[in-house]
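Q: I'd like to ask you about the structure that follows.
The values are calculated or read from the model by the stated rules, or taken from the named source; none is laboratory data. What you are looking at is a predicted structure, and each value in this text was computed from that prediction instead of being measured. All Cβ positions, glycine included, derive from the backbone under ideal geometry; neighbour counts span all protein chains shown.
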Amino acid sequence: MMDAVILGASGYGGGELLRLLSGHPLLRSLRGSSRQHAGKPFHTAHPNLRGVVNGAFTAEISFGELAGSEQPVVFAALPHGELAQALPGLEAAWEAAGLAERLLLVDLSGDFRLADPAVFQAAYGRPHPCPERLGSFAYGLPEWNREALRGTRRIASAGCFATALQLALLPLRGLDLGFIAASAATGSSGSGMAPSDTTHHPTRAQDFRAYKVLDHQHLAEVQAMMGRQGIGGRLGFVPQSAPLVRGIFAAVQFALPPGLDAAGLRARAEAAFQGSPFVRMVEGSPRVAAVTGSNFADLGVAAKGGTGCVLAAIDNLVKGMAGQAIQCMNLALGLEEGTGLMQPGCWP
Ligand SMILES: NC(=O)c1ccc[n+]([C@@H]2O[C@H](COP(=O)([O-])OP(=O)(O)OC[C@H]3O[C@@H](n4cnc5c(N)ncnc54)[C@H](OP(=O)(O)O)[C@@H]3O)[C@@H](O)[C@H]2O)c1
(Lines give C-alpha, C1' and ligand atoms only; values in the text may rest on other atoms or scores of the structure.)
Protein backbone atom coordinates (compact mmCIF):
# COMPACT_ATOMS: atom_id res chain seq x y z
CA MET A 1 0.00 0.00 0.00
CA MET A 2 1.26 3.48 -0.73
CA ASP A 3 1.05 6.82 1.00
CA ALA A 4 1.07 9.68 -1.52
CA VAL A 5 2.18 13.26 -0.96
CA ILE A 6 1.56 16.02 -3.50
CA LEU A 7 3.71 19.14 -3.26
CA GLY A 8 1.70 21.90 -4.97
CA ALA A 9 -1.63 20.10 -4.56
CA SER A 10 -3.81 23.19 -5.12
CA GLY A 11 -2.60 23.67 -8.71
CA TYR A 12 -4.12 22.18 -11.84
CA GLY A 13 -1.70 19.25 -11.87
CA GLY A 14 -2.11 18.76 -8.12
CA GLY A 15 -5.90 18.59 -8.55
CA GLU A 16 -5.60 15.94 -11.24
CA LEU A 17 -3.20 13.94 -9.08
CA LEU A 18 -5.72 14.04 -6.20
CA ARG A 19 -8.54 12.98 -8.53
CA LEU A 20 -6.65 10.12 -10.18
CA LEU A 21 -4.79 8.85 -7.12
CA SER A 22 -8.03 8.67 -5.12
CA GLY A 23 -9.10 5.84 -7.46
CA HIS A 24 -5.80 3.97 -7.30
CA PRO A 25 -6.31 0.54 -5.72
CA LEU A 26 -3.08 0.68 -3.70
CA LEU A 27 -3.63 4.11 -2.17
CA ARG A 28 -3.65 4.18 1.63
CA SER A 29 -3.38 7.92 2.32
CA LEU A 30 -3.18 11.21 0.45
CA ARG A 31 -1.53 14.45 1.63
CA GLY A 32 -1.21 17.70 -0.28
CA SER A 33 0.62 20.97 0.31
CA SER A 34 -0.48 24.50 -0.54
CA ARG A 35 0.55 27.82 0.94
CA GLN A 36 -2.59 29.70 -0.11
CA HIS A 37 -5.11 27.01 0.91
CA ALA A 38 -3.35 25.62 4.00
CA GLY A 39 -5.89 24.27 6.51
CA LYS A 40 -8.74 24.18 3.98
CA PRO A 41 -10.29 21.05 2.46
CA PHE A 42 -9.09 19.90 -0.97
CA HIS A 43 -12.45 20.83 -2.50
CA THR A 44 -11.87 24.54 -1.83
CA ALA A 45 -9.39 24.56 -4.71
CA HIS A 46 -10.89 21.60 -6.62
CA PRO A 47 -14.70 21.69 -6.37
CA ASN A 48 -15.01 18.48 -8.44
CA LEU A 49 -13.48 16.55 -5.50
CA ARG A 50 -16.14 17.54 -2.93
CA GLY A 51 -17.46 14.53 -1.06
CA VAL A 52 -15.13 12.15 -2.90
CA VAL A 53 -11.56 13.08 -2.05
CA ASN A 54 -11.46 14.04 1.59
CA GLY A 55 -8.57 15.72 3.35
CA ALA A 56 -7.10 19.18 3.68
CA PHE A 57 -4.10 21.09 2.37
CA THR A 58 -1.20 21.69 4.73
CA ALA A 59 1.44 24.42 4.36
CA GLU A 60 4.23 21.90 5.03
CA ILE A 61 4.31 18.13 4.88
CA SER A 62 5.41 16.41 8.07
CA PHE A 63 7.41 13.48 6.68
CA GLY A 64 7.85 12.05 10.18
CA GLU A 65 4.16 10.99 9.98
CA LEU A 66 5.12 8.70 7.10
CA ALA A 67 7.88 6.87 8.99
CA GLY A 68 5.84 3.64 9.08
CA SER A 69 4.80 3.88 5.45
CA GLU A 70 5.41 0.77 3.37
CA GLN A 71 5.68 2.79 0.17
CA PRO A 72 5.89 6.59 0.35
CA VAL A 73 5.48 8.41 -2.99
CA VAL A 74 6.05 12.16 -3.40
CA PHE A 75 4.75 13.98 -6.47
CA ALA A 76 6.20 17.45 -7.00
CA ALA A 77 3.70 19.58 -8.97
CA LEU A 78 5.48 22.86 -8.30
CA PRO A 79 6.41 25.70 -10.66
CA HIS A 80 9.66 25.25 -12.56
CA GLY A 81 12.73 25.64 -10.40
CA GLU A 82 11.03 25.08 -7.02
CA LEU A 83 11.85 21.38 -6.59
CA ALA A 84 15.46 21.86 -7.65
CA GLN A 85 15.81 24.48 -4.89
CA ALA A 86 13.94 22.43 -2.28
CA LEU A 87 15.43 18.99 -3.01
CA PRO A 88 18.41 19.04 -0.59
CA GLY A 89 16.09 20.01 2.31
CA LEU A 90 13.49 17.44 1.32
CA GLU A 91 16.08 14.68 1.07
CA ALA A 92 17.38 15.57 4.53
CA ALA A 93 13.80 15.32 5.88
CA TRP A 94 13.30 11.92 4.18
CA GLU A 95 16.59 10.69 5.63
CA ALA A 96 15.59 11.87 9.13
CA ALA A 97 12.25 10.07 8.84
CA GLY A 98 13.93 6.85 7.68
CA LEU A 99 12.24 7.07 4.26
CA ALA A 100 15.22 7.77 2.01
CA GLU A 101 15.72 4.22 0.72
CA ARG A 102 12.17 3.44 -0.33
CA LEU A 103 10.64 6.85 -1.13
CA LEU A 104 9.71 7.37 -4.79
CA LEU A 105 9.89 10.96 -6.08
CA VAL A 106 8.06 11.89 -9.28
CA ASP A 107 8.66 15.44 -10.50
CA LEU A 108 6.19 16.98 -12.94
CA SER A 109 8.26 20.08 -13.69
CA GLY A 110 11.14 20.50 -16.14
CA ASP A 111 13.77 20.64 -13.39
CA PHE A 112 15.30 17.20 -13.89
CA ARG A 113 14.26 16.12 -17.40
CA LEU A 114 17.52 17.05 -19.10
CA ALA A 115 20.78 15.31 -18.27
CA ASP A 116 23.26 17.95 -19.48
CA PRO A 117 23.68 21.23 -17.53
CA ALA A 118 24.62 23.15 -20.70
CA VAL A 119 21.51 21.88 -22.51
CA PHE A 120 19.41 22.84 -19.44
CA GLN A 121 20.86 26.36 -19.43
CA ALA A 122 20.22 26.78 -23.16
CA ALA A 123 16.61 25.53 -22.84
CA TYR A 124 15.61 27.36 -19.65
CA GLY A 125 17.84 30.44 -19.89
CA ARG A 126 19.44 29.99 -16.46
CA PRO A 127 21.95 27.66 -14.84
CA HIS A 128 20.60 24.67 -12.95
CA PRO A 129 20.78 25.13 -9.14
CA CYS A 130 22.10 21.59 -8.56
CA PRO A 131 23.68 20.46 -11.86
CA GLU A 132 25.29 17.46 -10.17
CA ARG A 133 21.80 15.94 -9.81
CA LEU A 134 20.94 16.20 -13.51
CA GLY A 135 20.94 12.76 -15.07
CA SER A 136 19.98 11.05 -11.81
CA PHE A 137 16.24 11.02 -12.68
CA ALA A 138 14.73 8.52 -15.14
CA TYR A 139 12.90 10.33 -17.94
CA GLY A 140 9.19 9.71 -17.55
CA LEU A 141 7.75 8.74 -20.91
CA PRO A 142 6.93 5.02 -20.60
CA GLU A 143 6.26 4.58 -24.32
CA TRP A 144 10.00 4.74 -25.04
CA ASN A 145 11.73 4.61 -21.68
CA ARG A 146 9.72 1.89 -19.91
CA GLU A 147 12.64 -0.28 -18.81
CA ALA A 148 14.50 2.64 -17.20
CA LEU A 149 11.41 3.40 -15.08
CA ARG A 150 11.06 -0.05 -13.56
CA GLY A 151 12.30 -0.01 -9.98
CA THR A 152 13.69 3.54 -10.09
CA ARG A 153 13.17 5.98 -7.18
CA ARG A 154 13.59 9.28 -9.11
CA ILE A 155 11.44 10.16 -12.10
CA ALA A 156 11.20 13.36 -14.15
CA SER A 157 7.82 13.05 -15.86
CA ALA A 158 7.89 14.27 -19.49
CA GLY A 159 6.57 17.71 -20.47
CA CYS A 160 3.12 18.06 -22.02
CA PHE A 161 4.16 19.28 -25.49
CA ALA A 162 7.16 16.94 -25.30
CA THR A 163 4.81 13.98 -24.68
CA ALA A 164 2.60 14.75 -27.67
CA LEU A 165 5.56 15.35 -29.98
CA GLN A 166 7.51 12.30 -28.87
CA LEU A 167 4.50 10.03 -29.32
CA ALA A 168 4.06 11.44 -32.84
CA LEU A 169 7.78 10.94 -33.58
CA LEU A 170 8.30 7.44 -32.15
CA PRO A 171 6.89 5.69 -35.27
CA LEU A 172 9.81 7.30 -37.16
CA ARG A 173 12.43 5.46 -35.11
CA GLY A 174 15.59 4.74 -37.10
CA LEU A 175 14.69 7.05 -40.02
CA ASP A 176 16.79 9.98 -41.20
CA LEU A 177 14.29 12.62 -42.26
CA GLY A 178 16.31 15.74 -42.97
CA PHE A 179 13.77 18.26 -41.70
CA ILE A 180 10.72 17.66 -39.51
CA ALA A 181 8.04 20.35 -39.17
CA ALA A 182 6.09 20.09 -35.90
CA SER A 183 3.28 22.20 -34.51
CA ALA A 184 1.18 21.67 -31.40
CA ALA A 185 -1.73 23.65 -30.00
CA THR A 186 -2.43 23.62 -26.28
CA GLY A 187 -5.31 24.62 -24.01
CA SER A 188 -5.00 27.36 -21.39
CA SER A 189 -4.63 24.97 -18.44
CA GLY A 190 -1.13 24.30 -19.79
CA SER A 191 -0.03 27.54 -18.12
CA GLY A 192 -1.20 26.61 -14.62
CA MET A 193 -3.70 28.29 -12.32
CA ALA A 194 -2.18 31.78 -12.04
CA PRO A 195 -3.99 34.06 -14.53
CA SER A 196 -1.87 35.96 -17.05
CA ASP A 197 -2.45 38.05 -20.19
CA THR A 198 -2.17 34.96 -22.34
CA THR A 199 -4.45 32.73 -20.26
CA HIS A 200 -7.20 35.20 -19.24
CA HIS A 201 -10.46 33.93 -20.78
CA PRO A 202 -11.61 37.04 -22.75
CA THR A 203 -8.26 37.43 -24.46
CA ARG A 204 -7.90 33.75 -25.19
CA ALA A 205 -11.33 32.26 -25.88
CA GLN A 206 -11.64 33.58 -29.46
CA ASP A 207 -7.97 33.77 -30.31
CA PHE A 208 -5.37 31.45 -31.81
CA ARG A 209 -1.70 32.36 -31.75
CA ALA A 210 1.80 30.95 -31.79
CA TYR A 211 4.35 31.58 -29.07
CA LYS A 212 7.99 30.69 -28.33
CA VAL A 213 8.20 30.00 -32.08
CA LEU A 214 11.07 27.56 -32.83
CA ASP A 215 12.28 28.20 -29.28
CA HIS A 216 10.14 26.23 -26.81
CA GLN A 217 12.04 24.67 -23.89
CA HIS A 218 10.50 21.22 -24.57
CA LEU A 219 12.46 20.99 -27.84
CA ALA A 220 15.50 19.91 -25.82
CA GLU A 221 13.64 16.91 -24.32
CA VAL A 222 12.35 15.87 -27.71
CA GLN A 223 15.75 16.21 -29.37
CA ALA A 224 17.33 14.09 -26.61
CA MET A 225 14.78 11.33 -27.30
CA MET A 226 15.35 11.60 -31.08
CA GLY A 227 19.08 11.09 -30.53
CA ARG A 228 18.50 7.98 -28.44
CA GLN A 229 15.88 6.53 -30.77
CA GLY A 230 17.89 7.15 -33.94
CA ILE A 231 15.45 9.66 -35.46
CA GLY A 232 17.59 11.86 -37.67
CA GLY A 233 16.53 15.33 -38.78
CA ARG A 234 16.34 18.97 -37.77
CA LEU A 235 13.15 19.61 -35.81
CA GLY A 236 11.28 22.90 -36.14
CA PHE A 237 8.51 23.33 -33.55
CA VAL A 238 5.77 25.99 -33.53
CA PRO A 239 3.78 25.89 -30.25
CA GLN A 240 0.30 27.39 -30.43
CA SER A 241 -2.26 28.59 -27.96
CA ALA A 242 -5.73 27.21 -28.76
CA PRO A 243 -9.12 28.35 -27.43
CA LEU A 244 -9.46 25.21 -25.30
CA VAL A 245 -9.10 24.66 -21.57
CA ARG A 246 -7.57 21.17 -21.83
CA GLY A 247 -5.84 19.31 -24.59
CA ILE A 248 -2.91 19.28 -26.96
CA PHE A 249 -3.14 18.55 -30.66
CA ALA A 250 0.21 17.93 -32.36
CA ALA A 251 1.04 17.53 -36.06
CA VAL A 252 4.42 16.34 -37.31
CA GLN A 253 5.22 16.48 -41.05
CA PHE A 254 8.25 15.25 -42.99
CA ALA A 255 9.35 14.13 -46.46
CA LEU A 256 8.53 10.43 -46.77
CA PRO A 257 11.61 8.25 -47.22
CA PRO A 258 11.46 6.20 -50.47
CA GLY A 259 9.23 3.15 -50.16
CA LEU A 260 7.27 4.37 -47.12
CA ASP A 261 3.54 4.92 -47.69
CA ALA A 262 0.50 5.42 -45.45
CA ALA A 263 0.15 1.70 -44.72
CA GLY A 264 3.83 1.47 -43.87
CA LEU A 265 3.59 4.48 -41.59
CA ARG A 266 0.63 2.97 -39.78
CA ALA A 267 2.46 -0.35 -39.43
CA ARG A 268 5.42 1.51 -37.89
CA ALA A 269 3.12 3.28 -35.42
CA GLU A 270 1.41 0.01 -34.46
CA ALA A 271 4.79 -1.64 -33.92
CA ALA A 272 6.15 1.32 -31.93
CA PHE A 273 3.23 1.20 -29.50
CA GLN A 274 2.70 -2.52 -29.18
CA GLY A 275 2.32 -3.16 -25.45
CA SER A 276 1.58 0.53 -24.75
CA PRO A 277 -1.92 0.48 -23.24
CA PHE A 278 -2.56 4.22 -23.54
CA VAL A 279 -1.74 4.79 -27.21
CA ARG A 280 -4.69 4.22 -29.55
CA MET A 281 -4.50 4.36 -33.33
CA VAL A 282 -7.48 6.10 -34.98
CA GLU A 283 -8.62 6.50 -38.58
CA GLY A 284 -8.24 10.06 -39.85
CA SER A 285 -7.68 12.75 -37.26
CA PRO A 286 -7.44 12.12 -33.53
CA ARG A 287 -9.77 14.31 -31.46
CA VAL A 288 -8.82 16.21 -28.34
CA ALA A 289 -12.34 15.78 -26.94
CA ALA A 290 -12.02 11.98 -27.14
CA VAL A 291 -9.03 11.93 -24.78
CA THR A 292 -10.03 14.76 -22.44
CA GLY A 293 -9.98 13.64 -18.81
CA SER A 294 -8.16 10.43 -19.68
CA ASN A 295 -4.60 9.14 -19.91
CA PHE A 296 -5.07 8.04 -23.51
CA ALA A 297 -3.10 9.42 -26.45
CA ASP A 298 -4.83 9.06 -29.82
CA LEU A 299 -2.66 8.93 -32.94
CA GLY A 300 -3.45 9.17 -36.65
CA VAL A 301 -1.19 8.94 -39.69
CA ALA A 302 -1.45 10.19 -43.28
CA ALA A 303 0.78 10.10 -46.36
CA LYS A 304 0.37 11.71 -49.76
CA GLY A 305 2.51 13.21 -52.51
CA GLY A 306 5.77 12.34 -50.78
CA THR A 307 4.77 13.92 -47.45
CA GLY A 308 4.12 11.95 -44.28
CA CYS A 309 2.22 13.17 -41.26
CA VAL A 310 1.60 11.87 -37.72
CA LEU A 311 -1.08 13.50 -35.58
CA ALA A 312 -1.44 13.13 -31.80
CA ALA A 313 -4.06 14.26 -29.27
CA ILE A 314 -3.62 14.13 -25.49
CA ASP A 315 -5.06 15.81 -22.40
CA ASN A 316 -2.19 18.03 -21.21
CA LEU A 317 -3.22 17.62 -17.55
CA VAL A 318 -3.50 13.81 -17.72
CA LYS A 319 -1.28 12.05 -20.31
CA GLY A 320 0.74 15.28 -20.48
CA MET A 321 1.08 15.49 -16.70
CA ALA A 322 -0.68 13.83 -13.72
CA GLY A 323 -1.78 10.60 -15.44
CA GLN A 324 1.64 10.10 -16.96
CA ALA A 325 3.26 10.66 -13.55
CA ILE A 326 1.05 7.89 -12.09
CA GLN A 327 1.76 5.62 -15.08
CA CYS A 328 5.49 6.12 -14.38
CA MET A 329 4.91 5.50 -10.66
CA ASN A 330 3.16 2.21 -11.46
CA LEU A 331 6.18 1.03 -13.44
CA ALA A 332 8.62 2.13 -10.74
CA LEU A 333 6.62 0.18 -8.13
CA GLY A 334 6.40 -2.97 -10.25
CA LEU A 335 2.66 -2.58 -10.93
CA GLU A 336 0.76 -2.92 -14.20
CA GLU A 337 1.34 0.38 -15.97
CA GLY A 338 -2.38 1.10 -16.33
CA THR A 339 -3.30 0.51 -12.67
CA GLY A 340 -5.94 3.05 -11.65
CA LEU A 341 -5.76 4.84 -14.99
CA MET A 342 -7.75 2.91 -17.57
CA GLN A 343 -10.90 5.06 -17.48
CA PRO A 344 -11.97 6.62 -20.79
CA GLY A 345 -12.42 10.38 -21.03
CA CYS A 346 -15.71 12.22 -21.37
CA TRP A 347 -17.60 12.62 -24.64
CA PRO A 348 -18.66 15.01 -26.05
N1 LIG B 1 -0.33 22.53 -16.68
C2 LIG B 1 0.16 21.62 -17.50
O3 LIG B 1 -0.45 21.28 -18.52
C4 LIG B 1 1.49 20.96 -17.19
C5 LIG B 1 1.83 19.81 -17.89
C6 LIG B 1 3.04 19.16 -17.59
C7 LIG B 1 3.88 19.69 -16.62
N8 LIG B 1 3.53 20.83 -15.98
C9 LIG B 1 4.45 21.33 -14.94
O10 LIG B 1 3.96 20.88 -13.68
C11 LIG B 1 4.20 21.86 -12.66
C12 LIG B 1 2.88 22.27 -12.02
O13 LIG B 1 2.04 22.83 -13.03
P14 LIG B 1 0.55 23.33 -12.74
O15 LIG B 1 -0.03 23.65 -14.06
O16 LIG B 1 -0.14 22.38 -11.84
O17 LIG B 1 0.88 24.69 -11.94
P18 LIG B 1 -0.10 25.57 -11.03
O19 LIG B 1 -1.51 25.31 -11.40
O20 LIG B 1 0.42 26.95 -11.14
O21 LIG B 1 0.16 25.00 -9.54
C22 LIG B 1 1.38 25.21 -8.86
C23 LIG B 1 1.28 24.70 -7.44
O24 LIG B 1 2.49 24.98 -6.75
C25 LIG B 1 2.22 25.79 -5.58
N26 LIG B 1 3.28 26.80 -5.53
C27 LIG B 1 3.41 27.88 -6.32
N28 LIG B 1 4.55 28.55 -6.05
C29 LIG B 1 5.16 27.85 -5.07
C30 LIG B 1 6.36 28.02 -4.35
N31 LIG B 1 7.18 29.05 -4.60
N32 LIG B 1 6.67 27.12 -3.40
C33 LIG B 1 5.85 26.09 -3.13
N34 LIG B 1 4.67 25.89 -3.78
C35 LIG B 1 4.35 26.75 -4.74
C36 LIG B 1 0.86 26.38 -5.78
O37 LIG B 1 0.10 26.50 -4.57
P38 LIG B 1 0.31 27.59 -3.44
O39 LIG B 1 0.64 28.88 -4.17
O40 LIG B 1 -0.98 27.61 -2.71
O41 LIG B 1 1.43 27.09 -2.60
C42 LIG B 1 0.16 25.30 -6.61
O43 LIG B 1 -0.35 24.31 -5.76
C44 LIG B 1 4.91 23.01 -13.38
O45 LIG B 1 6.30 22.87 -13.21
C46 LIG B 1 4.51 22.83 -14.81
O47 LIG B 1 5.43 23.37 -15.73
C48 LIG B 1 2.35 21.46 -16.23
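Q: Taking the options Arg146, Arg228, name whichever one is more than 13 Å from the chain's Cα centre (by Cα), closer than 24 Å to Leu311 by Cα, at pLDDT below 95 and not hydrophobic (A, V, I, L, M, F, W, C).
A: Arg228
Q: Follow-up question, since we're still on this one. Among the residues of segment 117-136, how many are within 22 Å of Glu91 (Cα to Cα) and either more than 14 Å from the ligand (Cβ to nearest atom) or surrounded by 23 or more Cβ atoms within 10 Å (Cβ to Cβ) (or both)?
A: Let us first name the residues in segment 117-136 that are within 22 Å of Glu91 (Cα to Cα), namely 117, 127-136.
Filter once more, so that each one left must be either more than 14 Å from the ligand (Cβ to nearest atom) or surrounded by 23 or more Cβ atoms within 10 Å (Cβ to Cβ) (or both): 117, 127-128, 130-136.
Final tally of qualifying residues: 10.
Q: If I ask for residues that are more than 10 Å from the ligand (Cβ to nearest atom) and within 20 Å of the chain's Cα centre (by Cα), which ones from segment 1-42 would you list?
A: Those that are more than 10 Å from the ligand (Cβ to nearest atom) and within 20 Å of the chain's Cα centre (by Cα): Ala4, Val5, Leu18, Arg19, Leu20, Leu21, Ser22, Gly23, His24.
Q: Within segment 43-62, is there a residue that is away from the ligand (no atom under 15 Å from the Cβ), among the aliphatic types (A, V, I, L, M) and not in a loop (DSSP other than H, G, I, E, B)?
A: No: zero hits.
Residue-by-condition table, conditions (1) without any contact (Cβ under 8 Å) to a residue 40 or more places away in the chain; (2) in contact with a helix residue (DSSP H, G or I) (Cβ under 9 Å, 6 or more places away or on another chain):
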| residue | (1), (2) |
| --- | --- |
| Ala84 | no, yes |
| Ala93 | yes, yes |
| Ala100 | yes, yes |
| Leu105 | no, yes |
| Leu108 | no, yes |
| Phe112 | no, yes |
| Pro117 | yes, yes |
| Ala122 | no, yes |
| Gly125 | yes, no |
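Q: Select from segment 87-115 the residues that are among the small types (Gly, Ala, Ser), within 14 Å of the ligand (Cβ to nearest atom) and surrounded by 15 or more Cβ atoms within 10 Å (Cβ to Cβ) and list them in ascending order.
A: Answer for segment 87-115, where residues must be among the small types (Gly, Ala, Ser), within 14 Å of the ligand (Cβ to nearest atom) and surrounded by 15 or more Cβ atoms within 10 Å (Cβ to Cβ): Ser109, Gly110.
Q: Sticking with this one: Take segment 181-198 and flag every residue that is surrounded by fewer than 13 Cβ atoms within 10 Å (Cβ to Cβ) and either near the ligand (Cβ under 7 Å from one of its atoms) or of a type in the set (Asp, Glu) (or both).
A: Once the filter is applied, which keeps residues that are surrounded by fewer than 13 Cβ atoms within 10 Å (Cβ to Cβ) and either near the ligand (Cβ under 7 Å from one of its atoms) or of a type in the set (Asp, Glu) (or both), segment 181-198 yields Ala194, Asp197.
Q: Something else about it: Restricting to helices (runs of 4 or more DSSP H) lying wholly in segment 191-274: which have 2 or more residues that are over 19 Å from Asn145 (Cα atoms) and β-branched (Val, Ile, Thr)?
A: Correct list: empty, since no element meets the threshold.
Q: Here's a check for you: in segment 272-294, which residue that is touching a helix residue (DSSP H, G or I) at 6+ places or on another chain (Cβ under 9 Å) and free of Cβ contacts under 8 Å to residues at least 60 places away in the same chain is nearest to Gly15 (Cα to Cα)?
A: Gly293
Q: I need the full set of residues from segment 1-42 which are charged (D, E, K, R) and either assigned to a strand (DSSP E or B) or in contact with a Ser or Thr (Cβ under 7 Å, 6 or more places away or on another chain) (or both), in order please. Let's see the steps before the verdict.
A: Residues of segment 1-42 that are charged (D, E, K, R), as a first pass: 3, 16, 19, 28, 31, 35, 40.
Once the filter is applied, which keeps residues that are charged (D, E, K, R) and either assigned to a strand (DSSP E or B) or in contact with a Ser or Thr (Cβ under 7 Å, 6 or more places away or on another chain) (or both), segment 1-42 yields Asp3, Arg28, Arg31.
Q: Condition first: in the same structural domain as His24 (by TED's automatic domain parsing), among the polar types (S, T, N, Q) and over 18 Å from the mean Cα position of the chain (by Cα). Can you find one or more residues in segment 81-102 that meet it? Write out each step before concluding.
A: So the first thing to find is which residues in segment 81-102 are in the same structural domain as His24 (by TED's automatic domain parsing), and the list is 81-102.
Cutting the leftovers down to among the polar types (S, T, N, Q) gives us 85.
Of the ones still in play, those that are also over 18 Å from the mean Cα position of the chain (by Cα) are 85.
Within segment 81-102, one or more residues are in the same structural domain as His24 (by TED's automatic domain parsing), among the polar types (S, T, N, Q) and over 18 Å from the mean Cα position of the chain (by Cα).
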